[in-house]
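Novice: Dumping the structure here so I can ask a few things about it.
The values are calculated or read from the model by the stated rules, or taken from the named source; none is laboratory data. The shown structure was predicted, so the numbers you read here are calculated from the model rather than taken from an experiment. When we count neighbours, we look across all protein chains shown, and the Cβ atoms used for this are built from the backbone with ideal geometry, even at glycine.
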Amino acid sequence: MPSSWRSWLPGPQHGAARGMAVFGPSGNVDSAQLFDLMGRCEALRAWARDHGVVLDDTPGSLAGLDERVDVWSAEPDIGPRLGHEVGGYLGTVIVTNVPGAAWRAWPNGHPVVRQPSGRDVDVMARAARRIASHHGTLASIYTDSL
């Protein structure tokens, strides 16, 4: 069988979006609208506020979130949504603090952060992997995206 047999398989930008999808009129999703939508992270922000963790959209706030994220993942109120909420917050921190970074949606609606270099960072998948594996830190994901 040819070595390129997988070339017909859709990549993460095509096919069904994983976990979360955003869509706009005519398939266009404005970066500013995505920033507003993804930055809300309402459940995560409320949970953090109730537990004394300050989420101020700075890289320093990722450490406080990292300290509690493993405990929160076991909580029934937020646990199932935690990957999306943390991914949205992580992306918001990157977009807020890295000049030229912006939210964008892949053709399938999956939200990612576009770096000034043109590289897309799938913050949703990276945050979900961090939570599932209990290894690494959100700050290291932020640093890797610089």
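Novice: Restricting the stretch 56-95 to residues that are hydrophobic (A, V, I, L, M, F, W, C) and either surrounded by fewer than 16 Cβ atoms within 10 Å (Cβ to Cβ) or touching a strand residue (DSSP E or B) at 6+ places or on another chain (Cβ under 9 Å) (or both), which is nearest to D30 (Cα to Cα)?
Specialist: V95
Novice: Another question about this same structure. Residue by residue through the stretch 127-140, note down the ones that are of a type outside the set (S, T, Y), modelled with pLDDT under 95 and out of contact with any Gly (no Cβ under 6 Å at 6 or more places or on another chain).
Specialist: Answer for the stretch 127-140, where residues must be of a type outside the set (S, T, Y), modelled with pLDDT under 95 and out of contact with any Gly (no Cβ under 6 Å at 6 or more places or on another chain): R129, A132, H134, H135, G136.
Novice: If we keep just the residues of the stretch 105-142 that are in contact (Cβ under 8 Å) with a residue 60 or more places away in the chain and polar (S, T, N, Q), which is nearest to F35 (Cα to Cα)?
Specialist: N108
Novice: Among the residues of the stretch 36-50, are any over 18 Å from A128 (Cβ atoms), touching a strand residue (DSSP E or B) at 6+ places or on another chain (Cβ under 9 Å), surrounded by fewer than 18 Cβ atoms within 10 Å (Cβ to Cβ) and among the aliphatic types (A, V, I, L, M)?
Specialist: Within the stretch 36-50, one or more residues are over 18 Å from A128 (Cβ atoms), touching a strand residue (DSSP E or B) at 6+ places or on another chain (Cβ under 9 Å), surrounded by fewer than 18 Cβ atoms within 10 Å (Cβ to Cβ) and among the aliphatic types (A, V, I, L, M).
Novice: Would you confirm whether any residue within the stretch 55-71 is in contact with a Gly (Cβ under 7 Å, 6 or more places away or on another chain) and of a type in the set (A, V, I, L, M, F, W, C)?
Specialist: No: zero hits.
Novice: Take residues that are closer than 24 Å to L146 by Cα, modelled with pLDDT of 90 or more and β-branched (V, I, T) and tell me which of the helices (runs of 4 or more DSSP H) falling wholly in the stretch 1-102 contain 2 or more.
Specialist: 82-97
Novice: Spot the failing condition for N108; the list is (1) within 15 Å of T137 (Cβ to Cβ); (2) surrounded by 16 or more Cβ atoms within 10 Å (Cβ to Cβ); (3) more than 14 Å from the chain's Cα centre (by Cα); (4) of a type outside the set (V, I, T), and only one is missed.
Specialist: (1)
Novice: Specify the residue that is nearest to the chain's Cα centre (by Cα); the eligible residues are those in the stretch 115-144 that are crowded, with 19+ Cβ neighbours inside 10 Å and either assigned to a loop (DSSP other than H, G, I, E, B) or not β-branched (V, I, T) (or both).
Specialist: M124
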